[in-house]
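To start, the structure under review is shown below, and the notes come after it.
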Amino acid sequence: MRRLALISDLHADINRFSDDELELLAHILKQAEVDHLHLAGDIANKTARALAIVDFFRTRGLNTTFNWGNHEMADLTEKTIEAYPSPAFLNLQTWPLTEETVLLGYNGWYDYLFAADYNPEKIRQLKQLYWYDRVIPREGSDPEVEARLRGRLKLVLDRLQMDNKKVILATHFVPKREFIVYQEKPEFLRWNDLNAFLGSAELGELLDRYDNVTNCVFGHTHRRFADHLLQGTRYSCRPLGYFFEWELTKAFVFENELVTEYRPAKLRSVLKKHQEAFAAYRKEHLAEEFRKGMTIIDIPEAAIKTVR
């Protein structure tokens, strides 16, 4: 049996992970008897830091692969986004896990279809106003880029289906509407259109065609969900996310009565005023946060066994 761990949205720089904290994560993975680690994008904002993180885990004895998320893409060209020269980089490439099961990495992109109001011109304007990805150099409109990449993915999936391979797909962006949250409070309604940048409904429809895609693991949304079994594929979304979004952070601010309403984006200034206390609380509870922010899949030689 092989054991695969997948982590998305590590955000090592924004979360200011020290070597000791990364050592803690490596220890947790080894304690869980993980054979292979895949980092499914947004490892860090800068590619040099992201690659250093990959090497960190490899030098700790963990086979480690990765695909890009949108945060690394701002530091790359179109060519290096899609074909980065590293043997650990999996984008439209596979890594054998067992004789019959492969890990397939796929960066992905978005098609705007998760927006509450599908209006491409309005969505493009929102992107220029609010979204980090406006600095990423892409060749074509977002829906064009997504369709082009999805077409390439289809060719890979067709080949793997012909080869009778079971596929665990690791991607960054959301492939299913079941993992999109639509807001009702007036102050958050803008997010319903910003959902356009979270993923691709067309990707989810493509995956529905392949009964050999046993698992799909992703992040980007920074929300954790229970697994969903859809059309025979188990979808897992447990991103680590930013430190001010963590469950331990929510517990810290409420236990210390620092806020009356939980709004993660507003917590950085609160945490800054209580740095010493939060650092101690983070140290005490970070191991559990790491465990909650990953997906582990057990892969016997015969079939996928369990997901937790």
Open item on the list: So in the stretch 76-95, with the set limited to residues that are among the polar types (S, T, N, Q) and more than 19 Å from Glu139 (Cα to Cα), which one is least open to solvent (accessible area, probe 1.4 Å)?
Closed with: Ser86
Open item on the list: All but one of (1) open to solvent by 40 Å² or more (accessible area, probe 1.4 Å); (2) closer than 24 Å to Arg2 by Cβ; (3) under 18 Å from the mean Cα position of the chain (by Cα); (4) not small (Gly, Ala, Ser) hold for Arg49; state the number of the condition that does not hold.
Closed with: (2)
Task: Residues that are open to solvent by less than 30 Å² (accessible area, probe 1.4 Å), more than 16 Å from Leu240 (Cα to Cα) and out of contact with any Leu (no Cβ under 6 Å at 6 or more places or on another chain), drawn from the stretch 27-39 - done: Ala32, Val34
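Here's the yes/no breakdown for (1) open to solvent by less than 20 Å² (accessible area, probe 1.4 Å); (2) under 30 Å from Arg282 (Cα atoms):
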{"residue": "Asp13", "(1), (2)": "no, yes"}
{"residue": "Leu25", "(1), (2)": "yes, yes"}
{"residue": "Gly41", "(1), (2)": "yes, yes"}
{"residue": "Thr59", "(1), (2)": "no, yes"}
{"residue": "Ala74", "(1), (2)": "no, yes"}
{"residue": "Leu97", "(1), (2)": "yes, no"}
Open item on the list: For the stretch 256-296, which positions are in a loop (DSSP other than H, G, I, E, B), closer than 21 Å to Ala32 by Cα and of a type in the set (Val, Ile, Thr)?
Closed with: none
Open item on the list: Exactly one condition in (1) outside any loop (DSSP other than H, G, I, E, B); (2) open to solvent by 10 Å² or more (accessible area, probe 1.4 Å) is false for Leu104; which is it?
Closed with: (2)
- [ ] List the number of the failed condition for Arg148; all other conditions in (1) in a helix (DSSP H, G or I); (2) more than 20 Å from the chain's Cα centre (by Cα); (3) touching a residue at least 40 places away in the same chain (Cβ under 8 Å) hold.
- [x] (3)
TODO: Please tell me if Asn195 is surrounded by 18 or more Cβ atoms within 10 Å (Cβ to Cβ), under 15 Å from the mean Cα position of the chain (by Cα) and not aliphatic (A, V, I, L, M).
DONE: no
TODO: Collect the residues in the stretch 1-11 that are in a loop (DSSP other than H, G, I, E, B) and within 23 Å of Lys283 (Cβ to Cβ), keeping them in residue-number order.
DONE: Asp9, Leu10, His11
- [ ] Return a yes/no flag: does the stretch 203-214 have any residue that is farther than 21 Å from Gln231 by Cβ and assigned to a helix (DSSP H, G or I).
- [x] no
Open item on the list: For Ala116, only one of the following conditions fails: (1) of a type in the set (Gly, Ala, Ser); (2) touching a residue at least 24 places away in the same chain (Cβ under 8 Å); (3) not in a loop (DSSP other than H, G, I, E, B). What is its number?
Closed with: (3)
- [ ] Please go through the stretch 11-26 and pick out each residue that is in contact (Cβ under 8 Å) with a residue 40 or more places away in the chain, aliphatic (A, V, I, L, M) and farther than 17 Å from Asn45 by Cβ.
- [x] Leu24, Leu25
Task: Pick from the stretch 284-308, criterion exposed (fewer than 14 other Cβ atoms within 10 Å of the Cβ) and modelled with pLDDT of 95 or more, ranking: farthest from the chain's Cα centre (by Cα) - done: Glu284
Open item on the list: Condition first: closer than 29 Å to Leu157 by Cβ, open to solvent by less than 20 Å² (accessible area, probe 1.4 Å), touching a Cys at 6+ places or on another chain (Cβ under 9 Å) and not in a strand (DSSP E or B). Can you find one or more residues in the stretch 230-244 that meet it?
Closed with: no
Task: Given (1) in a loop (DSSP other than H, G, I, E, B); (2) out of contact with any Asp or Glu (no Cβ under 6 Å at 6 or more places or on another chain); (3) loosely packed, with under 15 Cβ neighbours inside 10 Å, index of the condition Glu121 fails - done: (1)
Task: Which listed residue is touching a residue at least 12 places away in the same chain (Cβ under 8 Å), open to solvent by 20 Å² or more (accessible area, probe 1.4 Å) and among the β-branched types (Val, Ile, Thr), from Val259, Val181, Val217, Val253 - done: Val181
Open item on the list: Looking at the structure I just gave you, is Ala44 farther than 30 Å from Arg177 by Cβ and of a type in the set (A, V, I, L, M)?
Closed with: no
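The values are calculated or read from the model by the stated rules, or taken from the named source; none is laboratory data. For clarity, every value in this text was computed on a predicted model and none was experimentally measured. Using ideal geometry, Cβ is built from the backbone for each residue, glycine included, and neighbour counts are taken over all protein chains shown. What goes into the accessible areas is simple: the full protein's heavy atoms, side chains included, and nothing from ligands, DNA or RNA. Shrake-Rupley method; radii C 1.70, N 1.55, O 1.52, S 1.80 Å.
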